[in-house]
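I have placed the structure first, in the form of structure tokens, so that the comments after it can refer back to it.
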Amino acid sequence: TVVTLNRTIPSGAPTLQDFKVASGSAPSKGELKTGEILVRTLYLSCDPYMRGRLSGRTDSYVASFEAGKPIDGLGVGVVEASASSDFKEGDMVTGPTFKWATRFITSAAGLTKIPSSSGVPPAYFLGVLGMPSFTAYVGTITLCKPKAGETILVSAASGAVGQIVVQLAKARGLRVVGAAGSDEKVQHIKDLGADAAFNYKTVKSLDSAIKEAAPKGIDIYFDNVGGEFLDVALKNMKPNGRIAECGMISQYNATAESAYHIQNLAYVVMKKLTIYGFIVSDYYSTPAYSEFINEVSGMLKENKIKYKMDEISGLENGPQALLDLFEGKNFGKRIVKVSEP
Ligand code: NDP
């Protein structure tokens, strides 16, 4: 089974009709060229950045998918055959070049071996020990340099990135305020240790909800959503506050007509704010990566970190699993289980 893109979608919401799920003959060992491996996919990761790759745009930090070709992304799988000296049959691998296919051939370059001694389920490498969690680390710790006693506000706080932001900040003695789009998600944020949390869809006013949760203002805003939430957060920042500009999911499906226009940008000057825009892939080659692995794997071993996964079964359900992210239908880190480990 393989998932291909029917057409690129520059703006507006993609639909299931934009994807094709087809069964075909699996690639075979005999097709391997030197340096390639044949991988059986176990899990694929659904990530908001993939919306940008559906758009056909050419000015992004990551290449767009092409109409008529399979889509790809982060995944975990097992090597079934290898023509690379780096991997052997049976190795567990992860990386960002997983084709959305049951089996696929890829260059071994760019994939990483998961040691059999890792002691954690392989899907963890797409979540708590993977890209979303490192994103939380870079934005919160490396860039915003939080101090005990400060207040951090996190949007999409029950999601893949947000859950870790909440817990890293809490572990450093911050007051943590989280927001999410359902009461169940709000309860989860509180269970992770947040001091206050609210459902941004049902509060009377976003502004008063933030003020109630953080009467003295916000030192750090970890922005996952952009749009109106960012606008209102800007108003509630303390002087010299920092913003980790991680993502703007509320705008990924926007059209020229529906795009939200920020009105409070002048506070960046008036309150002397610093906004850190960042892309996590820039940080794997910096000391932040080993700091992250040490801290989070240590917390995992000591049972000091919780992480909610949201698993959908079957590659044929992959396109819907991805589209759900943009409607808040995931609860926790959304992955697709393609085959049994
Ligand atoms: P999540 O697991 O949090 O899933 C997305 C969530 O976003 C949804 O569950 C929903 O939560 C929320 N959401 C969806 N649509 C809207 C909307 N219109 N308005 C407000 N909230 C919405 O995703 P991730 O944790 O993987 O990603 C979070 C953010 O981080 C994204 O913006 C993503 O692009 C960004 N990111 C950036 C990286 C970087 O390198 N800069 C790397 C990884 C992620 P709810 O129900 O609470 O609304």
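The values are calculated or read from the model by the stated rules, or taken from the named source; none is laboratory data. Computed from a predicted model, the values in this text were never measured in an experiment. FYI the Cβ positions are ideal-geometry reconstructions off the backbone, even for glycines, and counts take in every protein chain you see.
Quick rundown of the values:
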read-out: Members of the stretch 121-152 found to be farther than 25 Å from residue 324 by Cβ and among the hydrophobic types (A, V, I, L, M, F, W, C), listed by number; value: 138, 141, 143, 144, 148, 152
read-out: Extreme residue, nearest to the ligand (Cβ to nearest atom), among residues of the stretch 310-341 that are of a type in the set (S, T, N, Q) and more than 18 Å from residue 78 (Cα to Cα); value: 330
read-out: Qualifying residue in the stretch 177-188 (condition: of a type in the set (Asp, Glu) and without any contact (Cβ under 8 Å) to a residue 40 or more places away in the chain); value: yes
read-out: Verdict on residue 289 being surrounded by fewer than 16 Cβ atoms within 10 Å (Cβ to Cβ), within 14 Å of residue 142 (Cα to Cα), among the hydroxyl-bearing types (Ser, Thr, Tyr) and within 15 Å of the ligand (Cβ to nearest atom); value: no
read-out: The stretch 249-271, subset within 20 Å of residue 15 (Cα to Cα), part of a loop (DSSP other than H, G, I, E, B) and of a type in the set (A, V, I, L, M, F, W, C), residue nearest to the chain's Cα centre (by Cα); value: 254
read-out: Unique match (being closer than 30 Å to residue 5 by Cα, outside the structural domain of residue 122 (by TED's automatic domain parsing) and surrounded by 20 or more Cβ atoms within 10 Å (Cβ to Cβ)) among 241, 226; value: 226
read-out: Given (1) assigned by TED's automatic domain parsing to the domain that holds residue 99; (2) within 13 Å of the ligand (Cβ to nearest atom), index of the condition residue 260 fails; value: (1)
read-out: Checklist (1) buried (at least 24 other Cβ atoms within 10 Å of the Cβ); (2) touching a Lys or Arg at 6+ places or on another chain (Cβ under 7 Å) applied to residue 169, failing item; value: (2)
read-out: Residues located in the stretch 207-242, provided they are of a type outside the set (A, V, I, L, M, F, W, C) and over 28 Å from residue 258 (Cα atoms); value: 212, 215, 216, 217, 219, 238, 239, 240, 241
read-out: Set 254, 209: member being surrounded by fewer than 17 Cβ atoms within 10 Å (Cβ to Cβ) and over 20 Å from residue 168 (Cβ atoms); value: 254
read-out: Checklist (1) more than 10 Å from the ligand (Cβ to nearest atom); (2) more than 22 Å from residue 170 (Cα to Cα); (3) surrounded by 14 or more Cβ atoms within 10 Å (Cβ to Cβ) applied to residue 275, failing item; value: (2)
